[in-house]
Amino acid sequence: KQEVTQIPAALSVPEGENLVLNCSFTDSAIYNLQWFRQDPGKGLTSLLLIQSSQREQTSGRLNASLDKSSGRSTLYIAASQPGDSATYLCAVTKTASKLTFGTGTRLQVTL
Amino acid sequence: DAGVIQSPRHEVTEMGQEVTLRCKPISGHNSLFWYRQTMMRGLELLIYFNNNVPIDDSGMPEDRFSAKMPNASFSTLKIQPSEPRDSAVYFCASSFTEETQYFGPGTRLLVL
């Protein structure tokens, strides 16, 4: 059974810092990996999707990398802002469509 | 597009009552997913449909839970009878084939 773990569980950084969120998964036979953002009391917003054949994806200040063989992904956030405060979830699919979510990292960016 | 629409947004009910959650996926999407989120277990996939057909319901916790998708623009998740341990946030998501899933705002269910 696929297990997805995210470290750290919570993180607080001052505005302007660059930061890295980690995601690890036990079964490397994945179809793709996605990073989501969840604001308190809200649904999930997809940030980046990396296909299993890709190594990274970038969107603005966000960069996600994937090392399938080692079962790891990282989400890099450059020049963090208070508006980045949220819970970040990674999710993997083994078969198309069926997402298995990680435990999440709660990020707080302070002024 | 209005995105994925879920109703109600909040539901408070008493143990033993029937609960029906509703979802309208994004127009043109052919896959629909129901998830449950709790503090203890995180986000779990309950069931997903492709072209209105249930493909995988292995995440449905027990027979008290049932889901239907009578057409491409509507799905329901029903709990009968409800129990306090069903209290959670239930999300609906939709996608086109194997692309990114778009989530609704969720229904917050409290069973007393």
**OP:** Report the accessible surface area buried between chains B and A, summing both sides, using a 1.4 Å probe on protein heavy atoms only, in Å² rounded to the nearest 100.
**Re:** 1400
Original post:
What share of all Cα pairs of the protein assembly as shown, in percent, falls into each consecutive 5 Å distance bin?
Top reply: 1, 7, 15, 18, 18, 16, 12, 7, 3, 1, 0
Original post:
Roughly what % antiparallel, to the nearest 5, for the DSSP beta bridges in chain B?
Top reply: 90
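In peptide A:38-47, what is the residue-averaged number of other protein chain Cβ atoms found within 10 Å of each Cβ?
Taking all residues of A:38-47 together, the mean is 5.
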Subject >> Any cysteine of the protein assembly as shown lacking a neighbouring Cys Cβ under 4.7 Å - listed by number >> reply: none
**OP:** Search the structure for amide H atoms under 5 Å from the amide H of A:Ser85, placed 1.01 Å from N in the peptide plane, and list their residues when 5 or more places away or on another chain.
**Re:** A:Val109
Original post:
Whole-Hz Karplus ³J(HN,Hα) for the range B:89-95, in order, using 6.51 cos²θ - 1.76 cosθ + 1.60 and θ = phi - 60°, x for Gly and Pro?
Top reply: 9, 10, 10, 10, 9, 9, 8
**OP:** Apply the Karplus parameterisation 6.51 cos²θ - 1.76 cosθ + 1.60, with θ equal to phi minus 60°, to every residue of the range A:61-66 and state each ³J(HN,Hα) to the nearest whole Hz, in sequence, with x for glycine and proline.
**Re:** 7, 9, 9, 10, 10, 9
Subject >> Calculated diffusion of chain A, Stokes-Einstein form, Kirkwood radius summed over Cα pairs, 20 °C and 1.002 mPa s, µm²/s >> reply: 154
Subject >> Sequence-distant residues sharing a close amide H with A:Leu47 (under 5 Å, placed H) >> reply: A:Trp35, A:Phe36, A:Arg37
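The values are calculated or read from the model by the stated rules, or taken from the named source; none is laboratory data. Since the structure is predicted, the reported quantities are computational estimates derived from the model, not experimental observations. When we count neighbours, we look across all protein chains shown, and the Cβ atoms used for this are built from the backbone with ideal geometry, even at glycine. Areas reflect the complete protein model, heavy atoms only, side chains present, ligands, DNA and RNA absent. Shrake-Rupley method; radii C 1.70, N 1.55, O 1.52, S 1.80 Å.
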